[in-house]
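What follows is a short report on a single structure.
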Amino acid sequence: MNAEQDLSTRERIMQMLKTMGELSTKDITAQLGITGMAVRRHISALERDELIESTTVRLPMGRPTAVYRLSAKAEDFFPKKYHAVALDLLSELEGDSGQEMVNRLFDLRKISLLKKLENKMQGRDLEGKVAMLSDIQNENGYMASWEKSGHEEYILTEYNCPIYQVANKYNHACSCELSLFKSLLDAKVERSDCLAKGGSKCVYHIRA
């Protein structure tokens, strides 16, 4: 069985656990129509990746058996359309209170993020701050990387934008991110490319 087929089978197991609740190896084997050995191999891989967890239950007859369920981490595997809800809410706010109120909301988010993150930058030189910012953005799904481009000059690149749909409609979100970076890094920051404006990535040029 190739890697693509393995992934497909594991996805099916996760779909089953999502829709049917806790299942034993025997239950999964019966549903998929593959060998118990193959099911155990997939379960082992899913446990290794912390996508499922197990509980041992006692049966009226026979030995105790393990039943499997999705872990909290597995929720990220399933599609979420938070952006659609966010866009609806922002559209309602814009219709009720105007564009300025929407911009104010993004400004407040920037202030909140600054308070939350600025302590992580304390005691670091500019390179250390850029590296930390890249780590923070990676944790938030931005697929970020950084490199040094000259003396006290750096380039931070983001290949993904988790709030793309929101930022595409409300560009002030991008302005707030740029302002946040300037404050966190205490440096000059310019953006040359932007995903929300049709670019293939977001690129920030940082200078002391």
inquiry  = Go through (1) over 16 Å from Leu180 (Cα atoms); (2) surrounded by 13 or more Cβ atoms within 10 Å (Cβ to Cβ); (3) modelled with pLDDT of 95 or more for Leu105 and report which single condition fails.
reply    = (1)
ask   = For Ala131, all conditions in the list (1) more than 19 Å from Lys197 (Cα to Cα); (2) over 22 Å from the mean Cα position of the chain (by Cα) hold save one; what is the number of the exception?
value = (2)
message = Conditions first: (1) within 13 Å of Ile206 (Cα to Cα); (2) touching a His at 6+ places or on another chain (Cβ under 6 Å); (3) assigned to a helix (DSSP H, G or I). Glu190 passes all but one, so which condition is the exception?
response = (3)
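From the list Glu153, Glu158, which residue is surrounded by fewer than 17 Cβ atoms within 10 Å (Cβ to Cβ), touching a strand residue (DSSP E or B) at 6+ places or on another chain (Cβ under 6 Å) and of a type in the set (Asp, Glu)? Working first, answer last.
Values: Glu158 fails: surrounded by fewer than 17 Cβ atoms within 10 Å (Cβ to Cβ).
Exactly one of Glu153, Glu158 is surrounded by fewer than 17 Cβ atoms within 10 Å (Cβ to Cβ), touching a strand residue (DSSP E or B) at 6+ places or on another chain (Cβ under 6 Å) and of a type in the set (Asp, Glu), namely Glu153.
With the condition kept exactly as written, say whether any residue in region 86-93 is in contact (Cβ under 8 Å) with a residue 12 or more places away in the chain, within 27 Å of the chain's Cα centre (by Cα) and in the same structural domain as Met16 (by TED's automatic domain parsing).
Here is the first cut: in region 86-93, the ones in contact (Cβ under 8 Å) with a residue 12 or more places away in the chain are 86-87, 90, 93.
With the extra rule that they be within 27 Å of the chain's Cα centre (by Cα), the set shrinks to 86-87, 90, 93.
Subsequent filtering for residues that are in the same structural domain as Met16 (by TED's automatic domain parsing) retains none.
No: region 86-93 contains no residue that is in contact (Cβ under 8 Å) with a residue 12 or more places away in the chain, within 27 Å of the chain's Cα centre (by Cα) and in the same structural domain as Met16 (by TED's automatic domain parsing).
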query = Tell me, which helices (runs of 4 or more DSSP H) lie completely within region 1-110 with 3 or more residues that are acidic (Asp, Glu)?
reply = 3-20, 82-97
note = The number of residues in region 124-168 that are assigned to a loop (DSSP other than H, G, I, E, B) and at pLDDT 95 or above is 2
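On the basis of being part of a helix (DSSP H, G or I), of a type in the set (Gly, Ala, Ser) and either more than 18 Å from the chain's Cα centre (by Cα) or loosely packed, with under 15 Cβ neighbours inside 10 Å (or both), does Ala173 make the cut? Step through it out loud before you land on a result.
On the way: part of a helix (DSSP H, G or I): yes; of a type in the set (Gly, Ala, Ser): yes; either more than 18 Å from the chain's Cα centre (by Cα) or loosely packed, with under 15 Cβ neighbours inside 10 Å (or both): no.
It is false that Ala173 is part of a helix (DSSP H, G or I), of a type in the set (Gly, Ala, Ser) and either more than 18 Å from the chain's Cα centre (by Cα) or loosely packed, with under 15 Cβ neighbours inside 10 Å (or both).
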remark   = Taking first residues from region 128-155 that are more than 16 Å from Leu184 (Cα to Cα) and second residues anywhere that are of a type in the set (Phe, Trp, Tyr), the pairs with Cβ under 6 Å that are 6 or more apart or on different chains are Met143/Tyr159; Lys148/Tyr154
inquiry  = Condition first: surrounded by fewer than 13 Cβ atoms within 10 Å (Cβ to Cβ), on the phi < 0 side of the Ramachandran plot and either hydroxyl-bearing (Ser, Thr, Tyr) or in contact with a Phe, Trp or Tyr (Cβ under 6 Å, 6 or more places away or on another chain) (or both). Can you find one or more residues in region 118-131 that meet it?
reply    = no
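The values are calculated or read from the model by the stated rules, or taken from the named source; none is laboratory data. Computed from a predicted model, the values in this text were never measured in an experiment. All Cβ positions, even for glycine, are placed from backbone atoms using ideal geometry, and neighbour counts span all protein chains on display.
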